[in-house]
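Here the structure is laid out as structure tokens; the discussion comes afterwards.
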Amino acid sequence: MLTFRPPSVVFGRTETDRIGGIGPIVRINPWEVHIKDPDFWDVLYTNNKLDKDVWYYRCFGDNRGTVGTGPWELHRRRRAAMAKFFSTANVARLEPMVLSRVKKLLDRIQEHRKSGKPIPISCAFRAFTTDVISDYAAPHSRDFLSTPDFELAFTRQLRDFSNIMLWHRHFPIVFPVFNAIPRWLIEKLDPSGAQKAVLANLDDIRKQATTVISTKGNPPGKSSPTVLDAIYKSDSLGPEEKTLPRFLAETQALLGAGTETTGNALSVFTYHVLANPSIYQRLKAELREAAQNSSSELLDTKVLDKLPYLQACIKEVLRVAIGVVGRLPRVNRLAPISYTDPNGKTYTFPPGTVVSMSIRDMHLDENIFPDPHAFNPDRWLSSSPEQLKRMEKSFVPFNRGIRACLGLELAKEEILLVTGNLFHHYDLELYETTERDIAVMHEFFAPFGPRDSMGVQVIAR
């Protein structure tokens, strides 16, 4: 609990409330304040000696995975064990692996084009991203792209499991109880099969983690080491960090984070480009011209990195398809945190106070991004140098600092290779899809749309 209550935030508002305005600080519970001020983002999140709020991040389970690790000292060791695998150089080296999955995705789209069937492209994207991250991180690769329905049950269980995560945050017995329920009872109580799919995914995670431990980080069948192998073999981690419960948590975090956020970004990209004919035609023209200078069937990063309009579209989708819509709470156990508002008034929060901000507040700030809900790639190409500098400062799709998303280079490569090749090789049109199908209806840490939606669907020509 807070030992000191600044009068200006006791009732959840700053003092500007008293003169009719809404200030940048809201106290959202007895121990946490939320701040909305783009200038404070780097002050808070580039401080590498802040802990994550263990209560908030225990939605991921028992906080044994790197993403949910509270103490910054332990997080630094856990992250270091796998950081080299997500480096720019290593992601570039493994580009052929990602391109092989892009080729598989395009082949499946070709099958649908020939048959005239609509493509559940949101499911296809998530099948693609889970295949890539399993290639990259785990001993057993998944092959969801080969399934007739792009493993629709898996896509739906991502949502169901994310919902369960939030319950576990408040009642940390949810996961143990869920795992203890007999399978036959779950099947009887849930004829839809949704919870059975959740359990099937958990079984696969256990299989992956068990393989790493039993083979001591040398599983057969992979041409190169995986992220989980690197963790097991890391000299920076002791034996207590290489147990089955710890690897279960890390495997779940890696496979989950590597699937949903990138898959969602690809879905939102596809919707907005197809819903805006001028954007679609301009992007197609740029890709067509670039392909004339390439002898390869698939366009690679060397070609696609040089395309300004494609890059602007990707930046814009990373702005509007916010990967984490929940707040990102941090806490300093030993020292106070100070914040100075735009009026020059300084607030000091005592040690142990949780302070949070939200990417959504940054990316949808109309003072920085005019008409913030509009998908407008031109804002990244035609803004003045001063405005562009402001936008770049507030553009934090992967956060910043030592707690920034570890897989950002892989995610950017996947988005670049899929969008560049998909829109080059196929003419697409939306099928029974509206903006509602990409709307954020639920905050399960990551954004999720309407439960009854199939996501984005397209017809390939």
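The values are calculated or read from the model by the stated rules, or taken from the named source; none is laboratory data. This one's a predicted model, so the numbers in the text were calculated from it and none came from an experiment. Every residue, glycine as well, gets a Cβ built from its backbone with ideal geometry; the counts of neighbours run over all protein chains shown. Accessible surface is based on the protein model in full, side chains and every heavy atom, while ligands, DNA and RNA are left aside. Shrake-Rupley method; radii C 1.70, N 1.55, O 1.52, S 1.80 Å.
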P(r) over all Cα-Cα pairs of the range 240-373, 10 Å bins from 0 to the longest distance, whole percent per bin, short to long, reads 9, 23, 27, 22, 14, 5, 0
To the nearest 20 debye, the range 157-205 has a Cα-centred charge dipole, built from +1 on Lys and Arg Cβ and -1 on Asp and Glu Cβ, of 120
Of the DSSP H helices in the chain, the ones reaching 20 Å or more along their long axis in Cα terms and averaging at least -1.0 in Kyte-Doolittle hydropathy are 95-115, 121-137, 152-170, 194-214, 260-275, 277-291, 408-425
Ordering T215, T226, T348 by the accessible surface of their heavy atoms, 1.4 Å probe, largest first, yields T348, T215, T226
For the range 19-155 the mean separation of alpha carbon contacts under 8 Å (6+ apart) over residue count, i.e. relative contact order in percent, is 12
What helix-only [θ] at 222 nm does the chain give? Using -39500 (n - 2.57) per DSSP H run of at least 4, over all residues, to the nearest 500, the answer is -14500 deg cm²/dmol
Residues other than P172 with Cβ under 9 Å of its Cβ, Lys/Arg counted +1 and Asp/Glu -1, net out at +1
With +1 on the Cβ of every Lys and Arg and -1 on the Cβ of every Asp and Glu, the dipole magnitude of the range 225-314 about its Cα centre, in debye rounded to the nearest 20, is 340
Inter-part gap, Cα centre of the range 264-293 to Cα centre of the range 297-356, in whole angstrom, is 26
For the range 125-243 the mean separation of alpha carbon contacts under 8 Å (6+ apart) over residue count, i.e. relative contact order in percent, is 28
Taking Lys and Arg as +1 and Asp and Glu as -1, residues besides R390 with C-beta under 12 Å from its C-beta add up to -1
Sorted list, accessible surface of protein heavy atoms, 1.4 Å probe, largest first, for S383, S267 is S383, S267
Here the net charge surrounding Y271, from other residues whose Cβ is less than 14 Å away from its Cβ (Lys, Arg +1; Asp, Glu -1), is -4
So, with points 7 Å from each Cα along the Cβ direction, the R206-N218 label distance in nm works out to 2.7
Contour minus Cα-Cα span, R77 to R93, at 0.36 nm per residue, comes to 3.3 nm
Cα-based Rg then Dmax for the range 46-191, in Å, read 19.1, 56
Largest-first ranking of D203, D437 by accessible area, probe 1.4 Å, whole protein assembly kept, is D203, D437
Magnitude of the Cβ-charge dipole (Lys and Arg +1, Asp and Glu -1) of the chain about the Cα centre, nearest 20 debye, reported as 920
Which of K284/K306; K104/K196; K196/K216; K84/K222; K84/K207; K302/K393 exceed 21 Å between C-alpha atoms? The answer is K104/K196; K196/K216; K84/K207; K302/K393
Once the dipole of the range 286-434 is set up from charges on Cβ (+1 Lys and Arg, -1 Asp and Glu), the residue from the list G420, T433, P351 lying farthest towards its positive end is P351
Relative contact order of the chain (C-alpha contacts under 8 Å, at least 6 apart) in percent is 23
Expressed in angstrom and rounded, the centroid-to-centroid distance over alpha carbons for the range 196-217 and the range 122-148 is 15
Taking Rh as the Kirkwood radius computed over alpha-carbon pairs of the chain and applying Stokes-Einstein at 10 °C with viscosity 1.306 mPa s, one gets a diffusion coefficient in µm² s⁻¹ of 68
